[in-house]
Amino acid sequence: MERIRSILTLTDDEIISTVDLLLKISRPVIDGVELMSSGDMRYRKIEVKSAEIVPGIIFRISYAEEVNSKKDVVSFILEDGINDIFILPVNRARYTADFVNPLNITSNFAGIDQPVREVYMFFAENLQLWNLSIVPFSINNNIKDDWYTVEEKIIID
Amino acid sequence: MAAIGNNIRDVYSLTNEEIIGLVDFIFPDGGGNMETVMYNRKAMKVVIYRKIEIVPSFDEGSIFCRVTFGFSDESKSLVTGFELLSNLDDYCFTSLSKAYIGDAYFKKLGINFDFSAFNIEIRALYKHLEDNLKMWGDEFAYYEQFPQNPEMMKVFNSKGLGSYIVQEVHSPVIEQIS
């Protein structure tokens, strides 16, 4: 059976670049109403913690069009499979209210379309998930049971 | 003509057999993966019915695939679906969820289950599109190698929210598929 690099070994920089990719063509929507594109974001906060319910990382991204305006929140899980990974939207179609509600999610990640090849190539080539021969990857010790802020910044053109 | 790059295949050229193969990949065991991904729902026993339809999308270069499952212990069918959208030199594969297509269109399509509750392995999905469906090629005007699916085009060229049935099977045919 083929092995792959665990999601839990992603570095902070790789976590940020993963968010950059998955929200790059960002069209976070609620009930079909487009909220904003990533190009409009002026505030972004990336938090992660151990997914607990599955092997992997849960991401929570808060973002806003204006720094001081109300933040929208979107969340997804990267889960380790046996020889693959899953990108799982955190929403009420998938998880219980007890799990979803504390996250204060306002945008459904499932509403953000992702280019299949680009996403796969990113994980295969940039993050080298399927290449264990280059360097030994170690667990990112920042990823624990409590939220860890990987990035919080004001985005300026 | 769909808005696609030169080196990818037109989604309108997918044959009925290829669409069935894609659905089989997404819903292995004739839909038997459903109970494993749902929280707080009773297991849905045996799939005894499956219908696959192609519905015109509101995007150019895109198809909506609607899949209906019937279960041995449920009177209500489960209707779910996904979009395969060509995007220059790539494809977006997205659940037909309320979040994506809006509540009104979600209801109009008759969908009652958000496909985003399913687990899709990202490498396996890419490999299926690449190896089985040959969605990417190196040649210029690669898309010209694949004629458009006449049944699909007939629906797309008609006005309204029509659809065509790619496959409709009852048990025990489902068991043969899985």
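Laid out as a table, the results:
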read-out: R0 of 41 Å, Cβ-Cβ distance residue B:164-residue A:50: FRET efficiency to nearest 0.05; value: 0.35
read-out: Pairs from B:76/B:134; A:49/A:71; B:107/B:134 whose Cα-Cα separation, in the structure shown, is over 28 Å; value: B:76/B:134; B:107/B:134
read-out: Euclidean distance between Cα centres, the range B:89-168 to the range B:7-23, Å; value: 8
read-out: Sorted by Cβ density within 10 Å, fewest first, the residues B:24, B:73; value: B:73, B:24
read-out: Paramagnetic reach from residue B:16 in the range B:124-155 [backbone N under 14 Å; point 7 Å along Cα→Cβ]; value: B:149-155
read-out: Residue order, fewest to most surrounding Cβ atoms within 10 angstrom, among B:130, A:79; value: B:130, A:79
read-out: FRET efficiency for residue A:98 and residue A:20, using Cβ-Cβ distance with R0 set to 30 Å, rounded to 0.05; value: 0.45
read-out: Theoretical gain in end-to-end length, residue B:105 to residue B:157 [0.36 nm per residue, Cα-Cα removed]; value: 16.8 nm
read-out: Efficiency of FRET between residue A:125 and residue B:132 - r from beta-carbon atoms, R0 25 angstrom, step 0.05; value: 0.70
read-out: Relative exposure of B:128, B:170, judged by other C-beta atoms within 10 Å (fewest first); value: B:170, B:128
read-out: Dipole in debye (nearest 20) - the range B:75-119, about Cα centre, beta carbon charges: Lys, Arg +1; Asp, Glu -1; value: 360
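Bear in mind that the values in this text are calculations on the coordinates, not laboratory data. Predicted model, so just to flag it, every value in this text is computed and none were measured. Positions of Cβ are backbone-derived with ideal geometry, glycine not excepted, and every protein chain shown enters the neighbour counts.
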